[in-house]
Amino acid sequence: MDGAVTAERSALLSSPTSSRSVTQTVNGSHKFVIQGYSLAKGMGVGKHIASDLFTVGGYHWAIYFYPDGKNPEDNSAYVSVFIALASDGTDVRALFELTLVDQSGQGKHKVHSHFDRSLESGPYTLKYKGSMWGYKRFFRRSLLESSDFLKNDCLKINCTVGVVISATDCPPLHSINVPESDIGSHFGALLDNMEGSDVTFNVAGEKFPAHRLVMAARSPEFRSKFLDDLDVEKQEIIVTDLEPKVFKAMLHFIYRDTLTEEVDMIPSTTSSDFPVSESLTAKLLAGADKYGLERLRLMCESRLCKDICVNSVANILTLADHCHAMELKAVCLKFAAQNLAAVMRSDGFEYMKEKCPWLQSEILKTIAGCEGDSCSAGEKSQSVWAQLSDGGDTNGDNAEKMGDKKEKGIGEGKSSSVQNFHVSMEISLEKAGRLDTMQAFYVNVTSGVYVMLVQISH
């Protein structure tokens, strides 16, 4: 009898369960630049300059910099830096890191960090809004002002906050795998079997059945043709601006949202026997631009980006400019700027000068660092010379303007690469009516090194 009761009780026991508590940090960083440090001095002990608010772990934070220190007892001998909780919250636990950036480039930053080390009392707890963590004596001011941390009257402070969160992880009792979306294959089948097609595209005599609603949903150009223009009731649309193979590849994308295998297997654009403009990807890029297929345009840009080299970059840059492929254009400009002398000797550069002469000024803007390059004007100009110089005589010590070339002789004391570049720039820009884009073209010869300073209007 007792054995039967025991067996019954055993049968009523449920299977064991489990859970797991996970405590971790949600990390975020903020860079605080303090420009005009000398003007901030003297604002008073306990008064601070605040960074913009930044969000980490669902809370707002700010960096407070005290030029005259926070502690009256220090008599402004130290600068103070604190991280403050700037939003409502109680008992917010966090790890902090403050870094004063060494601006000499040697990487000798001053770092105060809770990360990557054991904390005896655990993370720091901020009790309420306005609570702060930091250092009253962050750095002695006299040492700071003679150090590499202060450059051009500017300080840079990096801050990292790691908000501590805890969560209980309960494994699900059951799981159901959801397959990847197959909507593309279903629409592709609709295109393949031509079921329900209500329009036919005639491309150079080759017929492509399709569906008005699908085309209109994917392309603003087709939407305008099929939905906005009520007078268009044609069953057959003649396409004259695309080749059949290009239109077929575009249809493939419209229905399947992928590129055809033929596009991925195109010949490399580095071959002079196969210009980039004749590749299927290039023609598909032009079609994507015309018909407003933004995703297809980016896919083509990504594919063409892989084929950028010295011989192809000028042609690809010309194509990108024509097709409004801005990301591809930016990559080409940067590559051309970094390899200018070699690119100038390519056949594609001559083609670019003829078709899009203004692109030369855009290359110059990239060289000059108009897109946010951090190097100095001297470093940029010397970099240009390093690319263009081909061993010509560069001795001399007088500066001359580009406009004086007729009087002084543009070729005197300069390499042929530089001379060719100057001449091609002026001729091409004049031909395109774009001389207004170039304010000045100065050349200096200093200590045997040719220095070109380029100043271009924005």
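The values are calculated or read from the model by the stated rules, or taken from the named source; none is laboratory data. The structure displayed is predicted, hence computed values, not measured ones. Cβ atoms come from the backbone with ideal geometry, glycine included; neighbour counts cover every protein chain shown. Heavy atoms of the whole protein, side chains included, go into the accessibility calculation; ligands, DNA and RNA do not. Shrake-Rupley method; radii C 1.70, N 1.55, O 1.52, S 1.80 Å.
Structural remarks
- Per residue solvent-accessible surface (Å²) - segment 23-142, probe of 1.4 Å: 54 Å²
- Here each label is just a point 7 Å from Cα along the line to Cβ, and for MET194 and LYS290 those points are 2.3 nm apart.
- Candidates per chymotrypsin sites (Phe, Trp or Tyr not before Pro) in segment 53-152, loop by DSSP, up to 12 other Cβ within 10 Å: TYR128
- Proximity of backbone amide H atoms, modeled 1.01 Å from N, is registered between ILE237 and THR200, PHE201, ASN202 at under 5 Å, excluding neighbours fewer than 5 places apart on the same chain.
- Pairs from LYS108/LYS151; LYS70/LYS127; LYS129/LYS156; LYS31/LYS365 whose Cα-Cα separation, in the structure shown, is over 18 Å: LYS70/LYS127; LYS129/LYS156; LYS31/LYS365
- Burial order of peptide ranges 326-335, 44-53, 180-189 (average beta-carbon count within 10 Å, highest first): 326-335, 44-53, 180-189
- Surrounding net charge for ALA320, when Lys and Arg each add one and Asp and Glu each subtract one, Cβ distance under 9 Å: -2
- Gyration tensor (alpha-carbon) shape descriptor, segment 38-174, a/c threshold 1.5: prolate
- For LYS110, distant residues with modelled amide H under 5 Å away: LEU100, ASP102
- Of all accessible heavy-atom area on segment 20-127, the percent that carbon and sulfur account for (1.4 Å): 46 percent
- At 1.306 mPa s and 10 °C, Stokes diffusion of segment 148-265 via Kirkwood alpha-carbon radius, µm² per second: 83 µm²/s
- Between LEU293 and any residue 5 or more places off or on another chain, the built amide H atoms are never under 5 Å apart.
- Using the Karplus relation 6.51 cos²θ - 1.76 cosθ + 1.60 with θ = phi - 60°, the per-residue 3J(HN,Hα) values for segment 336-353 come to 5, 5, 7, 10, 4, 4, 5, 5, 4, 8, 7, 5, x, 5, 5, 5, 5, 4 Hz, with x marking Gly and Pro.
- Qualifying GluC sites (Glu not before Pro) in segment 189-232, DSSP loop, other Cβ atoms within 10 Å at most 16: GLU195
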